[in-house]
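The values are calculated or read from the model by the stated rules, or taken from the named source; none is laboratory data. Just so we're clear, the structure is a prediction, and the values are computed from it rather than from any experiment. In this analysis, Cβ positions are derived from the backbone assuming ideal geometry, glycine residues included, and neighbour counts consider all displayed protein chains.
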Amino acid sequence: MPGIRTEEQAFVDFVNSFKWAATPLGPMSQWPARLQQTFNQVLADSRPIAIYWGPKLATLYNEAFSKLCGTQHPGLLGKSVEDAWPDFCDKIKKTMKASTSKHGPSLEQEWRFFVHQSDGSMEETYLKWSLVPIIENNECMGFLQPLVDTTSMRLWERRMRMLIDLGHVLVTARDTKLYWRKTMQALEACDPSYDIPFAIIYSVENGPSSSHGVTSPDRVKNLCHLEACLGVPKGHPLIPQTLAPETSNQGLSAAFKEALKTQNPTLLHTKDNSLPEALLGGLDWRGFKDPCRSAIICPIRPTTEEHVMGVLVLGLNPRRPYDHDYQQYISLLNQKVTTTLASTVLIQEEARRNRNIAEQAAYDEAQLKEKLAAQTKHATDSMSKFQSIAEFVPVGMCFGDGQGNITFANEAWHRITGVPRTGKITQGSFWSRIVEEDRQNVDRAYKEMERAGAATIEFRVQREDDGPVQYPIGSSPSFEKAGMDLAQGNPQERHVLAALKAECAPDGTILRVLACLTDVTLHKEAAEQAIRRAQLVENYQKMTEFSTVGMYDMSLDGRLVGANNVFFEMCGIDKVDLRRNAVYPFDSCVVEEDVPVLHRALAQLVAGGKTQTAEIRFKTPWTEKDSDGNNIIAPRWVVATFLPVVNSDCVIQSFTGCLIDTSSKNWQFEAERQRYETERKRKDEAIEAKRQQEMFIDMTSHELRNPLSAIVQCADAIIASLAKSLELVNLSPTDLHALRTSPPEAILSEPEKGTWYEGLSLVQNAIENAETIIACTQHQKRIVDDILTMSKMDSNLLTVTPFTVDPILIAKEAFEMFEVEARRVDIELTWDVDQSYRHLGIEFLDLDPSRLKQVLINLLTNALKFTKNQEIRKVSIKMSASKQRPTDATSSVQFIPRAADILAPETSTSDTSGSGPSPRTSETSASEPSTSSNPPDYTYLIFEVHDTGQGLTEEEKSLLFQRFVQASPKTHVKYGGSGLGLFISKRLTEMQGGAIGVASRPGHGSTFAFYIEANTPGKTELQEARAAADALKQAMRSPSTVTRERAASGRANDVQIEGVLIVEDNLINQQITRRGLLDRGKKVEVANHGLEALEKLQKMNQAEGEFPLTLVTMDMEMPIQDGLTCTREIRKMELSGQLKGPRIPILAVSANARTEQIKEAIAAGCDDVLVKPYRIDELSHKMRMAVQKSREREDQERKEDEIHPS
């Protein structure tokens, strides 16, 4: 039987050896295949499953099911269901019938039954089962009965319910006696009672000390008293009324002795005689009525540190083993009994303390009543005498009880507080008279009186009437002659000074409060006015002396009456006694030029009687020290204020005022004005210097590129002429190639050698020399580009301008620029995009495509130059990306330290990420690092250019990336170059937040790698980039658009260019370009400047002329009128209708290579830009592309006009 586990092999062997022939199933060899298959599957299953097969429903089962059969196994094998399960037969057959009718399994059902054990006992078991019919050919052959043992779950539910009910009962106990009874009642009420065959509770009396703490030799230690029992008849030897475990041998004394020493339950069993069977006879067994074979003793301690207060003996369920679940249940029961007993003990102890307190309080109360009666009589007599006297005292007096109610008040008290003499005076009626702001002070004084027995407090009361203010005791009417207006305040608000004295009981309780009130309203107002006047005078004096402005009093004739120290200091005169010395400060201290201003202000003061102000200068200079400690000397400027002082007749008798020193402000204003002028001049000079630098660069570029362009075009013309001459002598292109690669005698016949040998050699040499001229010119162009780039760097004119672009397209453009050159020198040029780039999901990034392409071109140029003479010629480009800044550890090269890291080491050390500063912004100067409050989300683009060139030594690598330095002197001799390419590449990568490095060994080639920082574009920029890309793809799919693929295969040649107007001031370039275009079958007109070009346009077919103009090539730098102005004029003429027909394509041809200049040309109306030097083939291609762009632009404008007509 396949699939049977090794541990089940014994059962399988038994099944195979069983005498099945004696059963309704017959021998196993004759069993149906379906029965054998099903039985094999059941035997291999670890779950208990039975099979009932055939008309007799014969029983088969697996090993797991046999364990549930107990001693009935193997007797049940082959038996019918009636014989196997007589108690459940009807229910099983009914379920079989229901499952057969619906051809599906029956609902799960549960039954309880008892498994017969080998020792003759029965084990309580709960099972869930269902019946699954075995259908074959639409006929029920038998049934499967899978079982699930739910015994643990059912027992746990029953026992937890018992513990919950026990807890609900025990929380109602208020003493230990009641606790023992309720515990037994709760155990007795458990239904079913299978887990409690019997129960016994003993309380434990801890000795040998007596209740008074005196040792008593007669007391027995841990004496146990029977409190309750369940299932044990009264007088049974198992439950003696008292039990001394230490000395007795009655009942379970030996087990009790051991249990009292531990904190955990103790298991007793009949097997080891720890539970004597002799003591179990005659018990009234509960639950299953079976005798117990084991019991448990639980010592009950309220806490782990206390003695045992009780012992609980429980008989264990005879039909369940004492397994882990049973042990956990007993542990929870012990915890429940222990914790509830602890609560009961605390409640009982609290009740005892409350009873003692109540008895002591009753006794104390009786004693106090006697003392109080005597004291009350004495106090009543004294109070009567005091009240009679208090009516004649002018001080307000009152008595109050401990709750704050006024029990007596004299007439003066009512007069002061304004409380009417009607009825009982409550605390609230007096409290309402106190001003709300003073109530906290009164409350604080009352608490002070409670603590110290007496207190003094001053507060305000609010009267409802405005009765007369009480004058101080012993005062006279002269009080009013003090010159103080004491009637200005609120007549209903009174200030009261109160003294409080408490009369307390022996226990500190306040019995009575005596208060004496005095009306101090007039005292308070007089004192406050006197203080205010004195304070005002003092403040005026301090303000005068310590003021930072000069203050003075002066008569009308200019004599100084009084002044503070600052006034004397400003005027530069010594302070003297003004009562004895006449001082006229304004006559001697004011600068002569400002004296008329002073006199004019004083005249207006006298004439109009109004305050006047004048700004004047004093002769005393203003001095101050700057931050470097140098003395600053400047004129002293003051703002003088003149305020008239009049007498009782309103006549001006003097004037007063102040002097405010404004010297610092005026000096700062003048210094700031001079600084502004200096900065403005410096800024203008810097702008002019930058403009001159740009002009110099543009002039240099223009003057260098123009002759280079002429050289290239002349060399092309020479090659074309020589090739034409070979065609005229019938020399095929194949022969021409052979002529270039083989000696002439290899391709000429004997008679021709004498005639053609020398001529063909001259032609071959001339063509090679012309090609050398072109190669040298292209090399010279790169050097010019490098020198101009260096010039921009040194002038701080080189910028990084990010755009939202696809990096893959930029890299691919640089790659395609070298494909033809690589094929020409037989170099295998490849490129690859690493998976790291794909994994980041990069679609577009913000970077400067021209600067990135410039670095790639420099590296590819070097790679091809140093690889073309090697035996193995391979150059590869690898592009990858990362969110972390590349390091030497993560890259294949060692990066050159960046200038930003060298110049600012403190920045890099504080930057824990190791990224350092990032000198990039949306338009970043080469010398101006950017700063940003929110660091952008950078993505690092990594490019590796690997070649199989000759490699570099360590010494050669150390010389790389320096200005005008090459790897070795032989490099320049063998390969040429300026030594600027790698230096410029290093600077460009650093300007873009990156770095460049190299890894190389002699004879193993080199790997140059660099990385740049690129920002993740924002949502708006990303949408615009996607829209532009989608539009480009759509345009590439459109038949009217020149696609890249078709352009590469000659689609641009479909554009027919018939006539060209060349606008060029350089006669050499003009002549060469004209001749090159004429050789290619074009009609050509020439103009020397912009105005001449506008005149020539009048003879074109667009202006009803005869010349078939297709395109204009426009130089930018020309005399009389430059190319930008001319282009704008042509577009204006088209808009005004002076030029008819389609839009004229204009191709800007210029030596100006700056990005801004190219943008300016496009903005002026040019369709494309070609930078000198260039070859005629490049010009022809650009011309066709410009015509195509112009037509597409015109079509787009026409469509927009149709959609949005004006």
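Key figures
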item	result
Output for the stretch 405-428, where each listed residue is under 22 Å from PRO394 (Cα atoms) and in a helix (DSSP H, G or I)	GLU411, ALA412, TRP413, HIS414, ARG415, ILE416, THR417
Tally, over the stretch 40-69, of residues that are more than 15 Å from ALA10 (Cα to Cα), in contact with a helix residue (DSSP H, G or I) (Cβ under 7 Å, 6 or more places away or on another chain) and without any contact (Cβ under 8 Å) to a residue 60 or more places away in the chain	2
Pick from the stretch 831-873, criterion of a type in the set (Val, Ile, Thr) and part of a helix (DSSP H, G or I), ranking: nearest to PRO1017 (Cα to Cα)	VAL855
Close pairs (7 angstrom Cβ cut-off, 6 or more residues apart or separate chains): free of Cβ contacts under 8 Å to residues at least 12 places away in the same chain in the stretch 631-656, part of a strand (DSSP E or B) and not hydrophobic (A, V, I, L, M, F, W, C) anywhere	ASN631/THR623; ASN631/LYS625; ASN647/GLN653
Pairs with Cβ under 9 Å, 6+ apart, first in the stretch 556-585 and surrounded by 13 or more Cβ atoms within 10 Å (Cβ to Cβ), second assigned to a loop (DSSP other than H, G, I, E, B) and polar (S, T, N, Q)	ASN564/SER547; VAL566/SER547; VAL566/THR548
Set ALA601, ALA710: member being under 30 Å from GLU1064 (Cβ atoms) and surrounded by 15 or more Cβ atoms within 10 Å (Cβ to Cβ)	ALA710
Scope the stretch 515-537; condition polar (S, T, N, Q) and surrounded by 15 or more Cβ atoms within 10 Å (Cβ to Cβ); matching residues	THR518, THR521, GLN529
Residues being buried (at least 20 other Cβ atoms within 10 Å of the Cβ) and touching a Lys or Arg at 6+ places or on another chain (Cβ under 8 Å) - total across the stretch 232-274	1
Filter result for SER913 (modelled with pLDDT under 85 and within 22 Å of THR1016 (Cα to Cα))	yes
Candidates ASP846, ASP834 - the one that is of a type outside the set (A, V, I, L, M, F, W, C), under 43 Å from the mean Cα position of the chain (by Cα), crowded, with 21+ Cβ neighbours inside 10 Å and in the same structural domain as ALA999 (by TED's automatic domain parsing)	ASP846
Hey, LEU1022 surrounded by fewer than 21 Cβ atoms within 10 Å (Cβ to Cβ), touching a residue at least 60 places away in the same chain (Cβ under 8 Å) and assigned to a helix (DSSP H, G or I) or not	yes
Single residue of the stretch 46-61 satisfying the filter (exposed (fewer than 15 other Cβ atoms within 10 Å of the Cβ) and within 60 Å of the chain's Cα centre (by Cα)) that is nearest to GLY142 (Cα to Cα)	ARG47
Residue within the stretch 1131-1141 that is crowded, with 21+ Cβ neighbours inside 10 Å and either assigned by TED's automatic domain parsing to the domain that holds ARG1080 or over 19 Å from ALA1103 (Cα atoms) (or both) present	yes
Filter pass, GLU437 being over 60 Å from the mean Cα position of the chain (by Cα), among the acidic types (Asp, Glu) and under 27 Å from THR521 (Cα atoms)	no
Test: residue in the stretch 493-514 that is modelled with pLDDT of 85 or more, buried (at least 19 other Cβ atoms within 10 Å of the Cβ) and in contact with a Cys (Cβ under 6 Å, 6 or more places away or on another chain)	no
Every residue from the stretch 43-59 that is in a strand (DSSP E or B), closer than 23 Å to GLU124 by Cα and of a type outside the set (S, T, N, Q)	ILE49, ALA50
Single unsatisfied condition, ALA374 versus (1) touching a Cys at 6+ places or on another chain (Cβ under 8 Å); (2) in a helix (DSSP H, G or I)	(1)
Criterion (out of contact with any Ser or Thr (no Cβ under 8 Å at 6 or more places or on another chain) and assigned by TED's automatic domain parsing to the domain that holds ILE330) met by exactly one of LEU170, LEU163	LEU163
Residue match in the stretch 949-958 (condition: modelled with pLDDT of 75 or more, of a type outside the set (A, V, I, L, M, F, W, C), over 44 Å from the mean Cα position of the chain (by Cα) and crowded, with 21+ Cβ neighbours inside 10 Å)	yes
Residue ID - farthest from the chain's Cα centre (by Cα), chosen from residues in the stretch 390-404 that are loosely packed, with under 15 Cβ neighbours inside 10 Å and either among the acidic types (Asp, Glu) or part of a strand (DSSP E or B) (or both)	GLU391
Selection status of LYS1182, of a type in the set (D, E, K, R), out of contact with any helix residue (DSSP H, G or I) (no Cβ under 8 Å at 6 or more places or on another chain) and assigned by TED's automatic domain parsing to the domain that holds ASN1069	yes
